[in-house]
Every structure is written in C-alpha cells, then in structure tokens.
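The values are calculated or read from the model by the stated rules, or taken from the named source; none is laboratory data. Since this is a predicted model, take the numbers as computed values, not measurements. Cβ placement follows ideal geometry from the backbone for every residue including glycine, while neighbour counts extend to all protein chains displayed. Only protein heavy atoms, including side chains, enter the accessible area calculation; ligands, DNA and RNA are left aside. Shrake-Rupley method; radii C 1.70, N 1.55, O 1.52, S 1.80 Å.
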2 protein chains.
Amino acid sequence: MPDATSCDGPGSEIPATGFVEDGYELWLRYRPLEPRYRAYCSLLLKYVVLPTVMLSPILAAARDEINRGVGGMLGCAPSSESAVSADGGLLVGSPTTLPLVASLDLPLDGLGREGYIICPVIVNGFATTVIAANEEIGLLYGAFALLRAIQMGRFDADTKIESAPKSRLRLLNHWDNLDGWVERGYAGRSIFNWWELPEYLDPRLVDYARANASIGINGAVVNNVNASSESLTDPFLEKAAALANRFRAYGLRVYLSAKFSSPMESGELATADPCDAAVKAWWKQTADRIYKLIPDFGGFLVKANSEGQPGPQDFHRTHADGANMLADALEPWGGVVIWRAFVYSDDVPDDRVGQCYSEMIPFDGLFRKNVILQVKNGPLDFQPREPINPLFGAMPETNVGIELQITKEYLGFETHLVYLGNLWQEVFSTDLDARGCGNIVARVIDGSMFASRLSLVAGVANVGSARNWCGSTFDQANWYSFGRFAWNPDCDADEVALEWIMLTLTNDPNGMRTIADIMKMSYETAVNYMAPLGLTHQMGTGHHHGPAPWIEDTGRSHWNPTYYNCADAKGIGFDRTDAGSGTVRQYSAKLARLYSSPYDVPENLLLWFHHLSWGFVMPNGKTLWEEIVYHYDRGLRGVERNRALWSTLRDTIDPARFYEVSAFLQIQARDAQMWRDACVAYFQSINGLETPEGSLRPTQSLEFYKALTFRHAPGSPG
Amino acid sequence: MPDATSCDGPGSEIPATGFVEDGYELWLRYRPLEPRYRAYCSLLLKYVVLPTVMLSPILAAARDEINRGVGGMLGCAPSSESAVSADGGLLVGSPTTLPLVASLDLPLDGLGREGYIICPVIVNGFATTVIAANEEIGLLYGAFALLRAIQMGRFDADTKIESAPKSRLRLLNHWDNLDGWVERGYAGRSIFNWWELPEYLDPRLVDYARANASIGINGAVVNNVNASSESLTDPFLEKAAALANRFRAYGLRVYLSAKFSSPMESGELATADPCDAAVKAWWKQTADRIYKLIPDFGGFLVKANSEGQPGPQDFHRTHADGANMLADALEPWGGVVIWRAFVYSDDVPDDRVGQCYSEMIPFDGLFRKNVILQVKNGPLDFQPREPINPLFGAMPETNVGIELQITKEYLGFETHLVYLGNLWQEVFSTDLDARGCGNIVARVIDGSMFASRLSLVAGVANVGSARNWCGSTFDQANWYSFGRFAWNPDCDADEVALEWIMLTLTNDPNGMRTIADIMKMSYETAVNYMAPLGLTHQMGTGHHHGPAPWIEDTGRSHWNPTYYNCADAKGIGFDRTDAGSGTVRQYSAKLARLYSSPYDVPENLLLWFHHLSWGFVMPNGKTLWEEIVYHYDRGLRGVERNRALWSTLRDTIDPARFYEVSAFLQIQARDAQMWRDACVAYFQSINGLETPEGSLRPTQSLEFYKALTFRHAPGSPG
C-alpha cells in the first residue's frame, strides 16, 4: 500500500484542532470585556438585590443568567445582597415581589406582562440600576436586555431601556417529525428526542429555552404542521409535558400541531366532522388530558385541507367550523387555535396565488376569539421574494398573525449566506393602502390596526441538533433577527444585524462594518441570482434547491416553474392585472392600481404582476431581457463581493468560524453561478436572444443544467 | 391562560445550565492532574525533542497532541528543543527521522509499522523519556499511549511500554447512508455530511480521527454496507477524498462499501457478472479513479447476496468469483476486498444458523491474497449471546477477520448500560478445539493460527452526530474498548473498563470501583433480561428493541422469534445436535461433542443447542422453567443493583453525566421489566406453568405486551 502522507486538497485548510469556537453559545457568549470597559462596568454591577424569599424558577433563571453573563464579562459574578447598601447595586424585581421596586414608582403601566424597564435610580442615596417589570417574565427579559447592552458596550450609568413586545405570541414552528427528521431542516436532526423523552432531557434544551427567552420568543410548536395524530396520545403528551416543565422557567410555552383527523386515527370515532357531537367531545377530552399534564399548554397549530392534510372540508364543513370546534375545546383552559391560511385547492386553479385569499376572506368575523389565522408573508410559499399576502389588512374582524420562514427552504439552505432581516423589514413595512399613513403590515401584526385581541408572529424554525444550532454561523442571525422582529416588527434590520454581529462575532469596528456590509446586501443578492424582478418558484421540484425554470410536468400544473414564469418566445411574467388573472384586485384599491402598471409597480415585483415582452423597455433604457440578465449577473457579483469582503477577516474571526463561512461562501458562489447560468440558458432557449453585451454566456449547455441532480438534499420529504 | 411556574415532574431535575460536561472530549480529557503528581510529571516532561526538519502531518499531529495533553494535565505545554541538554526531556522519533534515536539501539525490530516503545533512556548523561517507533504512525500511537499513562497516574521515571497491534486492519464500519441517516444508529445523524462535502469539513472530523488514533483504529468504512452505487461516482469520491485528506495525519484510511451491481446502476453496463470482461474493466477503471483521488484508499467492503443485496450469485457465479474480481482491480494499488460472510439464502432453511458456514466453507483457499472474509462473531446476527461462529478456525487458507457490533442494535440501543468488553473477551478467548492449548479465536484473528497475510478486526460503529458521539456516556466505553481489543484481542475487559473509567469519568478510588462493578456485570445482566440460557432472536421485528417471543408470521420463517425459541407445551430451545438440525457438527469435533450434551454445554448456550422439556432438571436441581425465570429475574435485579450503585456517585460525577446515566438507567429498568414480564407471560401461555415460587407474576397480561409498539424507534429502516 502506498504510504501517502500528503495533506493537500480540500479539507487540508481546516483548523487543526477540534476544540474550537463552535457556535454553540450563539449570541450569549459573555466573553470578557475590554479591560477599561470592564473596570467601568464593575463599578456599576457590584452586587445584585433580588427578592429574598424562595425564588421562583423564572427569577432563578434570571439570577443564573446575570451571574453567568456578568461573571463571564466582568470576571466574577456580582455578590447577592438583601438590601441596597452601597453604590453599584443591581435591583431586580416587580412591585409585588420586591416592595422597594414598588416604592420607586416606575412607569410600568404600559409595559404589560412581558415588558421591562432598565434605568438608573437612587435608592437610600446610592446609585443603583434597576430592572423592573410587572411580572417575573419581564424581569428575565430585562436581564437578557441588560446583558446584551453590556456585551455591546452600550451600558453605562445613564442607561435607560423601556421595552415591551408588540405582539402577544412570538412562536417558533418546528417542522420536526417524531422520529427526529426535520422537514426543510438543514441543521441536523430535531432537538426534541422523543425516543428518550420523558426520562431524559438533553441539557441543550435548557440552552434552547435560554436562547429563545433572550430574544423574547415565548412559545414553540414542537411538532411538524404535517402532523401525526400520535402527538396527542398519552405517551407523547407525557413527553411534551417534560419539555414544558423544562421550558417554563424561561417563559416558553409548548404548543402542538394537531392533525384534524385525530379522532378517527385514534380508532375511537368514525368521523372527524367538526359539527359532530362525538367529535366535539373527543377534542374536549383531549384538551382536558393535555391541560392535566401541561397546565400552561399554549394551543394547537393546524394545517387543514392543505397539501393533502385532512380538514373540515373533508366533511363538507368550513375552515371556521373546524377552527371554532377546536377553539371551543381549548377555551376553558385559555388555549388558542392557530389556523394556517396556507391552503390551496387540489384542483387546477386559474391563479394559485389568489387561492389563499379567496378561501379565507369569507370567514372574516366568523372565527372564535381564541382563533388566530396564521398567514404566510406572501401569497405563495416563502419564495425568495413575493408581494405581501393580500389577507393582511383585509380581515378586520379576525385575529391575523404572520408566518415567516426562518429556515431557508428556498434561499440556499444552510450554505448560502442570506440574512433575512431585510426581507422581514420589507414585509412588515409594506404600506397596505399605499397612502403613506402608516397602515403598514406591522400594524396588522401587532394587533393595533383592528384592535385584535390576539397578535402573533410565527417563524418556521431553523434550529436542529447541529452543534451551532442552525447549520451555519450566519443562519444564527436569522433566528436572532426573527426574535427581535417578533418583539418589535418596526425594528431596523441593519441595526439588528449589527447587534448580532457584536454579540456573536466581533466588536472590532472594521470587522463589524465589513460583516454588516456582507449581511445588508445578502438577501437582495440571493434574490438576484435565483429569481430577480418578481420571478418566482423557479426551483427544482421536491428538494427546492437548484434551478429548474424548465419544469412543466409535475403532478399539478401550479407546481411547475413554467406555470409561474410564463416564458414564451415573446415574453415572460405572470399577468395578474385585470387583463390576466385579476388577482391584483385582492389588494387595496390604491395598491392594486400601483401594482397594475408595469411602470409604477416596484421593479422587484414586475414579473409577479406582469407578462411583458422580452424587448419591453425598462425605465433605465435597457430591454427587459437585458435587465433580467443584468440582475442574475449582479447576484453572482454580490456573492463574489461577499467572499472578497469575508476573506479580509482572517485575523478578525476565530479560525473555525472563519473557515466555515469561507467554505460555505465557496458553495454559494458555485450555486449562484449554476442558478444564473441555468436560468439564462433556459430563457435563451425560449426567446432565442443572445446574451447581452457585457454578460458572459452560460458556462454549460442547457442540457447540462437539466441533467443536474441534487441527491440527498437535506430536508425534502420522500 | 394559567400562569404556571411550577417545575415539578420529569425534566425538573436536570442540571440548570447547558454549558456542562457534555462528553464531547471522550477519553481525551486531559484534565489537570492532582498537584503532587503534576509536580512530579513536570520534572519528567520539561521539554520535547522532535525531528527538526519540517514535520510531516503525522508528526505534527503527535506534537499537537502532546502539547494539548501535557498542557492540559500539567498546566503548560512542554517547550520544544532541538537537542537533549538537561534532565526531563521527551524524545520522539524513529531511527530514520532522528539520528539520536538510531543511536539508542532500541528493540524496534518486532514492532512493525505501527508499534512503539516508551522507555527511560540516558542521553548525553541526561535522564530522558523516549517514544520510538519504526514509522511515524507508531510515534503518534506512542504519544497517545504516553498521554493515557499520565492521565491514569501510571507514568513515572521507570515507565516502559512496548506495544504493537496484533491485527493489521482495525476498522470501524459505519452503516451511514448518504443522506445522513444511520442504520442501527442511536447517536443522531452521520458525522459525514455528504451534502456539505467536499467544500466544508466539520472540525469534529478531526476529533473523530484523533479519537480513533488514540486507540489504534486505522481505517473507516464511511458508508453503509447496504450500499448505494452513488458512492463510487466522481462527486462522491471527491467528497470521500476530502475525508481521507483530513484523516491521513491520524493514520486513518478511508474504505468504501461497494455495491456489487454498480456497473449496471451506473448505466454503463447491462451486467455486473464478475466473469464478464467489461465488468472487470469497469471495476479496474473505478479503482483507478479512486486511487487518483485517494492514493491511500483502503479498499472495498462488500455485502453481497445477503438480505437482498446484489452479488455474484445473481449471475450464477460464486462468492470467490465476485471477491476475486474486485480484488484484482484493487491489487495494483495495494487495496483490499473485505467480503462479508454474513450471507443467508432467501429460501427457508433447515437452520438459518448453519447457512453462513455452509455457504463459505467451499471457498477456502480460493480467495485472492488481498481478500479478507469478514465474519460476524456469532453464526446468527449480533444477538445478545451466541456461540462463536464456526467459520473461525475452519478456513486455514483464507484471511479471516472478525466483525463485532459496537452499536447496540440488539442490546438496548443507547439507553441501556451494557459494556461490551466482556462480550468481546468471551468471543476472542473461545477455545476452538476445546483442548486448552491456546487455539482460541484471538489466534485466528491476529493471523497467527494460520499465518494469514491479512488480519482484521472490524466493528460496526456507534458514532454519530450526538454531542457525546455515541448517544450515551457508557457507549463511549464500547468504542474505546473496541479499539483496545482490535489492537490486542488478548486484553482484559475489566482492565480496559478501568482504563476507560479513569480517562473518562473519575480517578476517585471508590468511584472507579463502583463503576467497574457496574460495567463488569452489565453485559450478563442484559443477556439475562433479554435472552438467557442461549435463547436468541426474541426481539420485535424491524425495530429490534422490545420483546416479541410470540412473533411467528414475518415474511420469512427464520425471522420469527418462534423459529428460534421452538417453545411448545412440552419444552423450549433449538435442537442443533445430530438429533436436530445437526449444525453443531460445524464446530471442531471436541467442541461439537461438548455442545451436544445438555450437561456439558455451557449453561449460557444451553437452549441454543438443545430443545429440552420445561421440567428438565438443571445441575443445580432447579427445573429448566425455574432456571429461565430465575435468569430473567436476575437481569431485572442486575439493573436495579446498577441503579443503586450509580446513585451513590452523585458527588463523584459531574451533574450532567450523572443525570444522563441516571435517566438512562431508569429507562433500562423499565425496559428490563418489560422484557422479563413479556417473555415470562408468553412462555406461560405456552407451557401453562405457574411462576416459580419466589418470582413475581408478570405485571401485565400477555395481550398488553403484544400490543406494545415501539414507534419511531431510531435506526430501523423503512
């Protein structure tokens, strides 16, 4: 045998040791502060005063986190005192648990259950910092906010932070099956090991709860929306209860996806008809069983009559019938029903994009008070870019929540660097009536537009068993940013990115600037190389990874990329104006008018609403074809730019994460080239046009791209 | 909604922080030594002398490990010097790389490529420790041995260790699919992420290689024996090459499982007939492609004509035809073919247990020199206890290697505490001709019995993406122990356990004794509650977890537990004597005679070889029925005893691992009760006998146990 000892080739450049910075700590790293700032903070955080009676689990969690955080950053944890007796105390309490806080007369009224105040106060003549809240969970959130401020170097003697969440429910949706497989998961297996539960709970579940609490997420739907009725059986409820017991100290409630046909699958009933008395009784008993085990159970998430899932329509009943029946079962216990609006008929539609609106609008005002309609941000399905879902603002009598996708099913999985904060900011700030009066999506979501009783921001989780939780360093930013936007849909994506960078990667000013720059353009870059100018649904079937604009023969026409691009010899795009499918009319009159004109519609939605000739002249004088190719090229250049920027950080970032990001950017560059070339080659085969001047021809033939396979792509069913 | 803040119930007792002792470091923990011993060792390990020219990757790995280990244990890494100039030097080199070592005239001749010597020497008048070897890999192994000795407190100025492996190939077999799923894996997903390879290699792959090198494992078959032909395509070979590049510095070679029908599945040929010239050429080209990418590629592992896998018999050729054709393709490059003997016909056999022997014996002497037959330890399939496979010692003209199963497919998955060292010692020390002359299995495996050219110990890996690698703390002991037995099949299981305990868990004398006690009886305990007295294959179909002695209707009769227990109103057990299937004659004459008598056969194999009446009187005077129930009870008591022992270690073991083991012992106790009760209830339904005096009746009815399901059991296909 040859005695080969060379270490060349791929793999040789990775760090030589495995005991490396591995991303497990997320944004809760608590590394020692720069010495001068550390000395300063030490004067302000000498000791902590907490309620002296036995601490509740939530307050104990807050205390532990303060000790961990301050201990890590300042070198030693603050001492614990029972009274304010010197400068530099940190007072943590609510008016009811700590009389001293009551005496401070802080403006807690507008902060609700979960808000908090951090501010300087004088107590007994001593300069003191207080974290105050109406309830204990607010104190925990406040503790995380204080630690965040310290980590970012933003804490000082004058620090005043007042914050309260704008949405009541801020949930992760885990598309995790009971066998540990995660649908659209790119970060290993599920963190929920149902096989070992309830006896064994992985310690990382505590860190999962901490991470969520640190950004204000207050609930987790722990099983896939494509649900198994088994989740509602006693053995699995006992497992879910063990999770709930573990999460409770972090204000994180457990929710379950419920399969609508469960009464039948249990073998107990022959129907799941929501108007059947036995069915109603079955769900009431199920709710009773659940709340006996999980007294603070959040509620059910339901995907009904959607993509093959059972639902009330199977029994000739409506979505309202189905949701209300479940809502009645949960109501006595305070639970909610989260009903997904992601429904579309099995029949071939005129315009798939209009179905969700058409199906749901008739039910406005008909849902119970504890039902929330969970609406995806766009009307299709988490595509790289979509216009806003027309249901937002259109159901004043309904609790409407939003569903965002944190896992990057359509945005390059774990290996493409795509920061989603900018996408979410675009969504939340969309002006629903185009009048500039602040009637933006955020006002629907925070419940203020229609004084909704319940408000909800849900995100499809990107969390898995991977050591770094999300499969890549930068996907941690999407979990973080989701939490920040769920807390406050008006926040600024770039500012959130900067926070995350400081907490997670570096405080070096040049490093921060460089990484912020990378993140800021990353979303637009991905849209450009995948689906520019309002194109959509151009990916391959099933795996959803690579390009396949040519596919025209899936089981359903509205699963075909050709259905969406409508490319022919003359032009490209889907006409949704009155001359076409007319679904533009689902938007408010003014918005519909805007979108109906190819000259007024935002350029990035042009081909979503319009079918235009390849020679259509864009405002900048280019033809549409030139503009399309230009955007693909820009996507490619954007990735190369990010690679170049990242490569300057070799001495700023620890070797393991530097290497990981470098390797993934290499993958992203390869994939961007493939997307660009495959799409250009396909459209050229349709329109017969040359590549515009200044652009390169695709590197391979169209046949080459058509023959590409994406074997063993993670996260695809079947 | 209720504001529940209680933290009672399952889950509340787990450690409050997630940043805990998580098992990732395995037995390479290098924690600071006790101060006096540290001071002593510091005098002996002041500086290191390595070859001064540019270090090869293997020597660099040795240096890094010494720095990491000594640095961790003594507080600072030794300085690096170019010459021996004071007492307390550590000299690391081979005669060819370090002239000084050549001048010491150490007895390196018998140590081969991989052996090493550690001993005290006087150099230039200075007291020095030397690690010497013929080749660099021996130096790396020596470095690990030295670090192990220090960790265990066994290193001193007189330490002399001479060691060389007794088997040439010491391999892990990963049953890992390309999509990351692991067949019979209980530790998460595969550590090989083919989707991200070759661009990205997880840093933990380095630690995987380090862990293997530390116990002398020198190869890894990185894909499932139920193989995909895709592994041999260029994209996947490039990924495998990236792994090989990473593993090379640790002496770890990459092997691949090869699917026999690959030439057809590639679409290039219409046949995979091993005697077809085009097929031969296809495999030669494939070998060429592989070695171009992986110059030190180890070879192919092949599961052919076994459980539905394709093989030479599909073309009316023999195992020898198939293996030799592949061997010829690899021979020019120095590669080997590892041909699995785990074959059994699809037809209903008289005795499934005899098939492997019958099929393989005719080929003795017909295999090429670079073919190794990989034979499972027993003739069936890794059951809790089997007699030795009769092929051992029966094929003098063939390279015969052994396949052990580290992953506990039939021994309680990750949650049962079962230390396998004692099983392996039982296997390796089995006297093949029952003459007490040392003709034991170990002599076949180390190649000495028949002067075999190639020797092999293979283990089906229990390694996965779980943070602690193996799914549980104690399963790490099985990986460790496998490596130690592969290096030296004559080693002592209890001594290996003690080593592992000291390296991994504690040096506290009481803790060591207690844990050694737990481990020592753990294997026999599991056999007792699952399949005592030579019973076998009593588990449920597919998942292989819980008890199902009643199953009689699977697709093939020899998959039925009833086929193996042969329980009827009169008796129980499989008659393999001349009066029965006669397969006992596959053993050597003297062994066959021993096994043929129900009075002489080891009690623990009684029902493997004999069908006996329930009233058969055992040597101790009990009836067989009483003895069977007594063994089940003993299994149950053994687990309870281990729980009680472990509970005394709360202050000895760190909280996270203490909790994990406690929780898993709770699961094991539950499962042991289920196994015992289900089997007793079933056999009672057959024999109509009462539970013997002193034994409790099963806690539930037989119907209860029959209705148990093991949903979402990890590791089962389909």
- [ ] Run the 1.4 Å probe and let me know the accessible area of A:Glu238, rounded to the nearest 10 Å².
- [x] 90
Open item on the list: Given an 8 Å cut-off on Cα distances and at least 6 residues of separation, report the relative contact order of segment B:169-504 as a percent.
Closed with: 19
Open item on the list: Please check segment A:228-266 for residues whose accessible area, probe 1.4 Å, is lower by 40 Å² or more when all protein chains are in place than in their chain alone.
Closed with: A:Glu230, A:Asn245, A:Arg246, A:Arg248, A:Arg253
Task: Cleavage-rule hits (GluC sites (Glu not before Pro)) in segment B:587-690: DSSP loop, at most 14 neighbouring Cβ within 10 angstrom - done: B:Glu690
Open item on the list: I'd like the Karplus ³J(HN,Hα) series for segment A:505-512: coefficients 6.51, -1.76, 1.60, θ = phi - 60°, whole numbers in Hz, and an x wherever there's a Gly or Pro.
Closed with: 10, 6, 9, 5, x, 5, x, 4
Open item on the list: Using a probe radius of 1.4 Å on heavy atoms only, what accessible surface per residue do you get for segment B:169-504? Whole Å² is fine.
Closed with: 25
TODO: Determine the shape class of chain B: with a ≥ b ≥ c the square roots of the Cα gyration tensor eigenvalues, call it rounded for a/c under 1.5, and otherwise prolate if a/b is greater than b/c, oblate otherwise.
DONE: oblate
- [ ] May I ask you to find the residues of segment A:39-67 that are shielded by at least 30 Å² of accessible area once the whole protein assembly is considered instead of their isolated chain (probe 1.4 Å)?
- [x] A:Pro57
Open item on the list: If I take every Cα pair under 8 Å that is 6 or more residues apart in segment A:235-382, average their sequence separation and divide by the length, what percent do I get for the relative contact order?
Closed with: 21
TODO: Quick one: what are the phi-derived ³J(HN,Hα) couplings along segment A:386-396, Karplus 6.51/-1.76/1.60 with θ = phi - 60°, whole Hz, x for glycine and proline?
DONE: 9, x, 5, 5, x, 5, 5, x, 9, 10, x
Open item on the list: Tell me whether the protein assembly as shown comes out rounded, prolate or oblate; compute the Cα gyration tensor, take square roots of the eigenvalues as a ≥ b ≥ c, and use a/c under 1.5 as the rounded threshold.
Closed with: rounded
- [ ] Output the antiparallel fraction of DSSP beta bridges having both residues in the protein assembly as shown, as a percent to the nearest 5.
- [x] 30
Open item on the list: Taking every DSSP beta bridge with both residues inside chain B, roughly what % is antiparallel (nearest 5)?
Closed with: 30
Open item on the list: Please report the antiparallel percentage of DSSP beta bridges with both residues in segment B:35-163, rounded to the nearest 5.
Closed with: 50
Open item on the list: Interface size between chain A and chain B, please: total buried accessible area, 1.4 Å probe, rounded to the nearest 100 Å².
Closed with: 6500
Task: Point-to-point label distance, B:Lys622-A:Asn124, nm (Cα→Cβ direction, 7 Å offset) - done: 7.0
Task: Stokes-Einstein D in µm²/s, Kirkwood radius over Cα pairs - segment B:169-504 at 20 °C with 1.002 mPa s viscosity - done: 107
- [ ] Express the relative contact order of chain A as a whole percentage, based on alpha carbon pairs under 8 Å and six or more residues apart in sequence.
- [x] 12
Open item on the list: Helix-only estimate, please: 222 nm mean residue ellipticity of chain A, summing -39500 (n - 2.57) across DSSP H runs of length 4 or more and dividing by its residues, to the nearest 500.
Closed with: -11000 deg cm²/dmol
Open item on the list: Give me, ordered by chain and number, the residues 5 or more places off A:Ile551 or on other chains with an amide H under 5 Å from its own placed amide H.
Closed with: A:Thr562
Task: Of all accessible heavy-atom area on segment B:35-163, the percent that carbon and sulfur account for (1.4 Å) - done: 55
Task: Shape category assigned to segment B:35-163 from the gyration tensor of Cα positions, a/c cut at 1.5 - done: rounded
Open item on the list: Taking the solvent-accessible surface of protein heavy atoms with a 1.4 Å probe, what is the per residue accessible area of segment A:573-618 in Å²?
Closed with: 42
- [ ] At most 15 other Cβ atoms within 10 Å and a DSSP loop assignment: could you name the GluC sites (Glu not before Pro) in segment A:335-434 that fit?
- [x] A:Glu397
Task: Cut-off under 5 Å, modelled amide H: who pairs with B:Leu456 long-range - done: B:Arg168, B:Leu169, B:Ile402
Open item on the list: Probe of 1.4 angstrom, ligands and nucleic acids ignored: what's the accessible area per residue over segment B:35-163, in square angstrom?
Closed with: 41
- [ ] With the convex hull built on the Cα atoms of segment B:357-420, state its orientation-averaged projected area in nm².
- [x] 4.9
Task: Residue mean of other protein chain beta carbons inside 10 Å, B:709-715 - done: 5
- [ ] Could you sort the residues of segment A:176-217 by number and keep only those whose accessible area is reduced by 40 Å² or more in the all-protein-chain setting relative to the chain alone, 1.4 Å probe?
- [x] A:Arg189, A:Trp195, A:Glu196, A:Glu199, A:Tyr200, A:Leu201, A:Pro203
TODO: Could you check how much of the accessible area of segment B:169-504 is carbon and sulfur, as a whole percent, using a 1.4 Å probe?
DONE: 48
